[in-house]
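One structure is given here, and the rest of the page talks about it.
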Amino acid sequence: MYGRKACQLVKELASGEKGQLTPFNSDLFEQVVAECTQHHLELQALIRKMQEEGLDVQTTRNAEHHGALIRHLSLVRNKRCLMAYVYNRAETIQSFLWKIGHVLPQEIEEKLCHLEVEYFKKHSAALKSYMSKMQLDLTVDMVPPKDPYIQVRVLDDIGDGIVLSDDKTANFARHSMHFLKRTDAEQFISRGLMEELTG
Amino acid sequence: MAKYYDIDDIITEEEILSVIFQKAASGVGIDPSSETGYIETGSKVEVPFWLSHELQLRQVVSINIPSCFDQKTRLEIQADCASVDLRSRCPFFYEFGCKIAPVVGDRTIGFLLLSAFKNRYKEILTKAHSAAFSSASKFLSVLTKEEINLYDAAQSSMTSFKKWRMGGPRFQKASVLGRKRRSTE
């Protein structure tokens, strides 16, 4: 049956958890594209057959016409599935920029195809140039702020000599606790390198 | 066209219907029983909804009511709505019903969907706001995709409320990153 593989590709997207990506299935993608080419060739063959019989291609409604119609509809369906696959992945990649920041961790990067990595880089560069023109950092304050400073504990070794926004250097050794500006700490917390301490 | 990229819409339209071809078609391989790729007039074939819908608009096929809306399901829904396993019949029961209704020309499908949804919604509301996970999982397996979305929305609003009530860290690690790496890496 036509359109099965394309639907399988889309179902892969649906099967992942919300906001997560599965690795880019380039084999299946290429198989669907090959199926499209196949449909196109068959379509042309049917139209040629109608022309050889001397029938008017625009108006006759014979068996070849219906066959060509079915081929055309399958082609359009495959196109829709492929477009939806790429579009939804692109949306998820855009959301990564807001959740994780401008650098993708390795575990996510290996799930993307190289074109998607390029897309992320360009999107990130566009956002950076916009923010620098506005002189406003849009990626902080994802949660409405209550306090300008928060207490954090470091979970992973980040190293020392990290320069914070008020030009002081800090030594982020594991299990150390710090009292930081919320905007600095936010990017580390979202990457899982620190946790917020309350009470 | 607003649903062109919508994944659920694409999967809904993949549901299989059985249709009868009113005109012949050649050069296609949809019918597995015919080897030549020629479909005779009057032959019964199983095709997905996206194909049958377009073909019916051009009067090439006529569509029969799919099995998920037949008499057996209607009787079950009238008897005890909340425990009917709609997911095994059709995971997108309501959406598919909405699409099928104008095509098949059956007026009663709308009422069927409405009554089924009204009765099940009461169960969904009560279970979503109170039940623990273990007892809920059996109930979840009979829900359609649309009902599961409602259920998840209710659950997430309950967890947000509890979190707000108890206080606690508001900044979270990005959910997309998954679990912590092993310490050997």
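At a glance:
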| quantity | calculated |
| --- | --- |
| Cα-derived Rg over Rh, computed across chain A with Rh taken as Kirkwood radius | 1.23 |
| Exposure rank, largest accessible area first [A:114, A:123, A:66; 1.4 Å] | A:114, A:123, A:66 |
| Mean Cα-pair separation over length for the stretch B:1-64, i.e. relative contact order, pairs under 8 Å, 6 or more apart, % | 38 percent |
| Pair residue A:127, residue A:197: separation of 7 Å Cα→Cβ label points (nm) | 3.0 nm |
| Hypothetical label at residue A:153: residues of the stretch A:173-199 whose amide nitrogen lies under 11 Å (7 Å Cα-Cβ projection) | A:175-178, A:195-198 |
| Inverse of mean 1/r across different Cα pairs in the stretch B:1-64, Kirkwood, Å | 12.5 Å |
| Total charge dipole magnitude, the stretch A:76-199, about the Cα centre, Cβ charges on Lys, Arg, Asp, Glu only, Debye to nearest 20 | 700 debye |
| Axial C-alpha extent at least 20 Å, average Kyte-Doolittle at least 0.0 - helices from chain A (DSSP) | none |
| Amide H within-cut-off set for residue B:17, under 5 Å, with H built and near neighbours excluded | B:47, B:49 |
| Paramagnetic reach from residue B:156 in the stretch A:68-92 [backbone N under 16 Å; point 7 Å along Cα→Cβ] | A:92 |
| Among A:129, A:10, A:22 the positive-end extreme of the charge dipole of the stretch A:4-134 (Cβ point charges) | A:129 |
| Extent along principal axes [Cα atoms of the protein assembly as shown; Å; largest to smallest] | 83, 55, 42 |
| Label-to-label distance, nm, for residues given as residue B:57 and residue A:62 (7 Å Cα→Cβ offset) | 2.6 nm |
| Under the Karplus curve 6.51 cos²θ - 1.76 cosθ + 1.60, θ = phi - 60°, whole-Hz ³J(HN,Hα) for the stretch B:44-52, x wherever Gly or Pro sits | 9, 10, 9, 10, x, 4, 4, 6, 5 |
| For residue A:113, residues with placed amide H under 5 Å, excluding near neighbours | A:24 |
| Amide H contacts under 5 Å for residue A:149, placed H, 5+ residues apart | A:182 |
| FRET E, pair residue A:173, residue B:122, Förster distance 45 Å, beta-carbon r, rounded to 0.05 | 0.20 |
| Estimated inter-spin distance, residue A:33 and residue A:94, nm [label 7 Å along Cα→Cβ] | 2.3 nm |
| Out-of-range pairs (alpha-carbon distance over 21 Å; input A:79/B:3; A:121/A:168; A:11/B:44) | A:121/A:168; A:11/B:44 |
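The values are calculated or read from the model by the stated rules, or taken from the named source; none is laboratory data. Since the structure is predicted, the reported quantities are computational estimates derived from the model, not experimental observations. With ideal geometry, Cβ positions are generated from the backbone for all residues, glycine too; neighbour counts draw on all protein chains shown. The accessibility values were calculated without ligands, DNA or RNA, using every heavy atom of the protein model including side chains. Shrake-Rupley method; radii C 1.70, N 1.55, O 1.52, S 1.80 Å.
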